[in-house]
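Chemist: Sending over a structure as structure tokens; questions will come in a sec.
The values are calculated or read from the model by the stated rules, or taken from the named source; none is laboratory data. All values derive from a computational prediction rather than experimental measurement. As a convention, Cβ positions derive from the backbone with ideal geometry for all residues, glycine included, and neighbour counts pool all protein chains shown. Surface accessibility is based on the protein's heavy atoms, side chains included, excluding ligands, DNA and RNA. Shrake-Rupley method; radii C 1.70, N 1.55, O 1.52, S 1.80 Å.
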Amino acid sequence: MKQPKSDKTQDVYLKRFSRQTVFPGLGVRGQLELSQRSALVAGVGGLGSWTAEYLVRAGIGHLRIADDDTVELSNLHRQAFYTEQDATRRRLKVDAAADRLRAINSHCIIDTFAEKVDPLTIQRAVDTADIILDGTDNYQTRFLINDYAIKHNIPWIFAGVVEAEGQVMSIIPGKTPCLRCVIPSQPSCCAGGNDCCRAGVVGPVVGLISAIQAVEAIKILSGQPQKINTSLVKYNFWENHYQKVDLSGVRSGTPCPCCHEKDFIYLEP
Ligand SMILES: [Zn+2]
């Protein structure tokens, strides 16, 4: 990954992020740490496109984006980066996204993975990423990511949006509950399809949830995992309901098949 090498280059780099390093929670130390870290954004649709943009603007060193889908007109109300021209040309999302991300921050290495993330590809998709960000639209892939992350000790951040509701949970293997501790199996309402095709989604809600996901990622990648929100947070932005689900007792209940029994069934092809 690219990093500021000489003192002069480092000065230029830090000047660029001066409005961020002046925030004492991050500081120069946290910014430099972030510049040396990598992330996989799995899916660059609604959630993933905004999360990718926030991280690249924040100064992450290396971002990998995975998606095998092409841009459609019906994506544009909620997905960053993409234009009517991209939809007309049916461009691969990762190609359109990479162009935009490279234009935003040329110091960040952007690489693309234009395949579906499944049990056969997930190892190549994650590669050496320090964190995995959920930009998916279905629980099958989320459980796959969860099993892979727990098995390989990689932090990941679950996020989902349907209608005007969103939820976020930061998962650090061995330290916090995993997704299967909290949601033991695929919700029946989501079986067999993605979340927002059938229920719809209010565009800005995707950006709001992505912003929370990105802040959680910045805490971990800047070396401050102790600052994460250890609850599952849920928002309904239409009805103005906010809920913080305390997860402190979750792991003391029935042993989780994933993080207790190491039964990684979702990794099986
Ligand atoms: Zn678990």
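Chemist: Per residue of segment 125-130, what does 6.51 cos²θ - 1.76 cosθ + 1.60 with θ = phi - 60° give for ³J(HN,Hα)? Whole Hz please, x for Gly and Pro, Karplus curve as stated.
Modeler: Residue by residue, segment 125-130 yields 5, 6, 6, 10, 4, 7 Hz.
Chemist: Whenever you get a sec, compute what percent of the accessible area on segment 113-237 sits on carbon and sulfur atoms (1.4 Å probe).
Modeler: Whole-percent figure for carbon plus sulfur exposure: 53.
Chemist: What fraction of the DSSP beta bridges in the chain is antiparallel, stated in percent and rounded to the nearest 5?
Modeler: The antiparallel fraction comes to roughly 50 percent.
Chemist: If you don't mind, there's one more thing I want to ask. Between S38, S188, S74, which gets the highest mean-square fluctuation from a Gaussian network model of the chain, Cα cutoff 10 Å?
Modeler: S188
Chemist: For a 19 Å ceiling on Cα separation, which of these pairs sit above it: K175/K219; K175/K262; K234/K262?
Modeler: On the way: K175/K219 15 Å; K175/K262 15 Å; K234/K262 28 Å.
The answer is K234/K262.
Chemist: Here is a further query. Dipole magnitude of the chain about its Cα centre, charges +1 at Lys/Arg Cβ and -1 at Asp/Glu Cβ only, in debye to the nearest 20?
Modeler: Working: 30 positive and 29 negative charges, 194 e Å.
Using only the charged Cβ atoms, the result is roughly 920 debye.
Chemist: Checking understanding here: applying a Kyte-Doolittle mean of at least -0.5 and a length along the axis of at least 20 Å (C-alpha), which whole DSSP H helices in the chain pass?
Modeler: The qualifying helices are 203-221.
Chemist: Over segment 30-82, with every protein chain in place, what whole percent of the accessible area is carbon and sulfur at 1.4 Å, could you tell me?
Modeler: Taking all protein chains in place, segment 30-82 shows 45 percent carbon and sulfur surface.
Chemist: Please work out how much length the chain gains when fully extended from D246 to V12, using 0.36 nm per residue of separation minus the C-alpha to C-alpha distance, in nm with one decimal.
Modeler: Taking D246 through V12 to full extension adds about 80.0 nm, to one decimal.
Chemist: While we're here: How many Å² of accessible area per residue for the chain, probe 1.4 Å?
Modeler: Value for the chain: 48 Å² per residue.
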